[in-house]
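The values are calculated or read from the model by the stated rules, or taken from the named source; none is laboratory data. All figures in this text were calculated on a predicted structure; none of them were measured in a lab. A quick note on method: Cβ atoms are made from the backbone with ideal geometry, for glycine too, and the neighbour counts reach across all protein chains shown. Ligands, DNA and RNA are excluded from the accessible area calculation, which covers all protein heavy atoms including side chains. Shrake-Rupley method; radii C 1.70, N 1.55, O 1.52, S 1.80 Å.
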Amino acid sequence: MTSLIMIFGATGDLAKRKLFPSLYRLFSRNRLEKFAVIGVARRSLTNDEFQQSVKESVRSALGNKDNLDEFVSHFYYQSHDVADSSSYVSLRKFANQIDTNYDLEGNRIFYLAMAPEFFGPIALHLKSDGLTDVTGYKRLVIEKPFGHDLESAKELNKQIRSAFSEKEVYRIDHYLGKEMVRNIEVIRFANAIFEPLWNNRYISNIQITSSETLGVEERGRYYETSGALRDMLQNHMMQMVALLAMEPPIKLTTDEIRSEKVRVFRALRTVEGEEVNQYFVRGQYGEGTIDDVQVPKYRDEPMVDEQSNTETFVAGKIMIDNFRWAGVPFYIRTGKRMAAKSTKIVIQFKDIPMNLYYQTDKMLNPNLLVIHIQPEEGITLHLNAKKAGGHLDAQEVKLSFANTGIHAMNTPEGYEKLLYDCMRGDATNFTHWDEVAYSWAFVDRISAAWQQPMATFPNYPAGSMGPQEADELLEKDGFFWWPVSDLEVDVC
Ligand code: NAP
C-alpha cells in the first residue's frame, strides 16, 4: 500500500496504544509498501523525540523488535494548532514534500485521533487550506463518538461532507475490527446448518452481553456526557444487532452489506416516552468488590458529579419488526464494573416440540450457539446427546472452536485490520452515515425518556451483572440471561 498517513492527535493515548503498534504490525507483514506518517499534535516535539515515542509505544505493546529503527524512520512530527489556518498551510507544504520524497502518489489518509469537537473544524480546514488537493485518493478516518445525538451528528456530518464524499469517510467502530464480529457474517452465510434456522421460527431470543470490570478510570469527564447508552449501545451493540439480523447480501460488496444493515435499522421498533422503561433498564454502579479489591461507586470517581444521573449500565430488549424477526427479542446489556470482562452473543434456539428425554435433574437444554467475541474468541454449539453409559438420558454437550494457538497469534489486532482496510479503500467495516443516523434516532428516544425523572442510582453493586431489573426484563418474557461464566469457550 502506498500512502501518507497524517495522524491528528499523535501524542494521545489512542495513537500510542493502538495506532503505532498496528502500523508496525502492518509494516512487519510487508503490507506497507511505500508509506510515511506525519504525527500532528499541539505540543512541540522534534522528529527524533516523536520517533522515540513511537518506538516506546511499539515496544510496550509488542516487545522489542529488530526493525524498529527502520520503521520509525518513516515518522515525522509537526506541531499544530487545529484552529489556525497558517498551521495547515505549513502542514500542506510539509506533506507535499514528504509525498514527493517517498513517491506516495498523492494518496492521503487523515486520521483524526482527537477529541470529537475537533473533527468538524479539522475537516473544514483540510479542504480550505488545500490539504485535500491531491492527485491520489484522500480518506478521512474518524474516531467515535460521531456526535452525541442525532442533531449534533447531522451537524458534524455536514461539516465533514463539505470536504469529503461519503465514500471517503471512514467512521471507526472498533468492534467491526474484531475477528469474531467479522466472523458473524461467515458463520451465518457460509453454513447450511444455520441459515435456514436463522429466523423467528427457530430462534427464541438472542442475547448480546458486553461487560467490563473496569470503572470509568480517568475518563470521568467524557463519560459524564456520554453514559453507556451513547458510549456502547448507539455504536457497538447496534452494529452487532445489525450483523446478526441482516438479510444475506447479494454480494459481499461494501454497498450491499451496508444497505442490508441499514434495512435492519429501518425495521427497529420505535420505543419512546413511558414505553422506554418497558424495554430498557439503566443502572449505575455502587461500591463493591472486584477480584477481592474494594472499588468505589461511580459517583465517587474522579471528575464525576456526586449526584450524577449518568448510566454506567444499560440493558434492553430490541425488536426488529420484519418478516424474519417478528416476535424475537434481541436482548442487549453492557456496563462497567461488572462481574466479568466479556463480550458474547448467545443465540438461543426454540425448544423442540416435545421433550422425550429428561436429564436426571433438569429439563432438556435448549440449543445455543455462542459467539465469543472477547477476551477469548471462538464459537460453541450447545447440543443434547446421550449420556454415556446411561439409559436414554440426554445431557448437554458442547462443540467448541477456540481461536487460539498459531492462528490467534497471527490474527491481526482490530485497528490493524481497520487501518489496512482503509488503505485498500474497503469501507465495509466502517459505519455509513445512514447507519449512524438511524441508530442515533433510536437511542435519542431512550435518552429523552431518561432525562427526567432522575434515576434511583446507584442500583447495582460493582462486581455484579447489573441491576435486578435487567434480570426481570427477560423473566417477564420467560427467559433469563445465560450466565457468561458458564459459557466459556473450551481452549483446545
Ligand atoms: P487523548 O489521549 O486526550 O489525546 C488527544 C490528542 O489530541 C493529543 O495528541 C493532543 O496533543 C491532541 N490535541 C488536543 N488538543 C489539541 C489542539 N488544540 N491542537 C492540536 N492537537 C491537540 O485522546 P485519545 O484517548 O487518544 O482519544 C482520541 C480520540 O479517539 C477521541 O475521539 C476518543 O473518543 C477516541 N477513542 C479513544 C480510545 C482510546 O482507547 N484512547 C478508544 C476509542 C476511541 P497535545 O496534548 O500535544 O496537544
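Miscellaneous remarks
- Mean Cβ neighbour count within 10 Å, used as a protection proxy, ranking 470-480, 454-464, 63-73 highest first: 454-464, 470-480, 63-73
- Placing dummy labels 7 Å off each Cα toward the beta-carbon, the span from S400 to I193 is 1.7 nm.
- Cross-link reach list, aspartates and glutamates versus K127, counting only Cα pairs under 14 Å and skipping chain neighbours closer than eight places: D84, E168
- C-alpha long axis of helix 254-266 to longest principal axis of the chain, angle in °: 50 degrees
- Residue order by solvent-accessible surface for K158, K297 is K158, K297, largest first, with ligands and nucleic acids left out and a 1.4 Å probe.
- Measuring with a 1.4 angstrom probe and ignoring ligands and nucleic acids, S152 comes out at about 30 Å² accessible.
- Folded to 0 to 90 degrees: helix 47-62 orientation relative to the chain principal axis, Cα: 20 degrees
- Per residue, the chain exposes 44 Å² of accessible surface when a 1.4 Å probe is rolled over the protein heavy atoms with every protein chain present.
- Whole-Å distance, taken between Cα centres, linking the stretch 463-479 and the stretch 137-209: 27 Å
- Whole-Hz ³J(HN,Hα) from phi, Karplus 6.51 cos²θ - 1.76 cosθ + 1.60, for the stretch 193-201, glycine and proline x: 7, 9, 4, x, 9, 7, 6, 6, 7
- As a fraction of the 1.4 Å probe accessible area of the chain, surface on carbon and sulfur atoms comes out at 50 percent.
- Residues S485 and Y202, FRET efficiency given R0 of 30 Å [Cβ-Cβ distance, rounded to 0.05]: 0.65
- K387/D81 FRET efficiency (R0 56 Å; Cβ-Cβ; nearest 0.05): 0.20
- Selection of trypsin sites (Lys or Arg not before Pro), the stretch 197-239, meeting DSSP coil and at most 11 other Cβ within 10 Å: R201
- Against the main long axis of the alpha-carbon atoms of the chain, helix 179-189 sits at an angle near 60°.
- Efficiency of FRET from Cβ geometry, T46 and T213, R₀ 41 Å, rounded to 0.05: 0.55
- When Y415, Y357 are compared by accessible area of protein heavy atoms, the largest-first order is Y357, Y415, using a 1.4 Å probe.
- Gained length - Y222 relative to N277, 0.36 nm times residue gap less alpha-carbon distance: 17.3 nm
- Rounded to the nearest 5, the antiparallel percentage of DSSP beta bridges internal to the chain is 55%.
- Note on the stretch 431-492: Cα-Cα pairs beyond 16 Å make up 70% of the total pair count.
- Loop-resident chymotrypsin sites (Phe, Trp or Tyr not before Pro) (DSSP state other than H, G, I, E or B) in the stretch 201-300 with no more than 16 further Cβ atoms inside 10 Å of their Cβ: Y202.
- With the gyration tensor restricted to C-alpha atoms of the chain, the semi-axes of the equivalent ellipsoid amount to 41, 26, 23 Å, longest first.
- Pairs of Cα atoms farther than 18 Å apart, the stretch 191-320, %: 65 percent
- Using a simple spin-label model with pseudo-atoms 7 Å out from Cα toward Cβ, E33 and Y357 lie 5.6 nm apart.
- Cross-link table K344/K398; K344/K417; K18/K55; K138/K261, entries beyond 18 Å C-alpha to C-alpha: K344/K417; K138/K261
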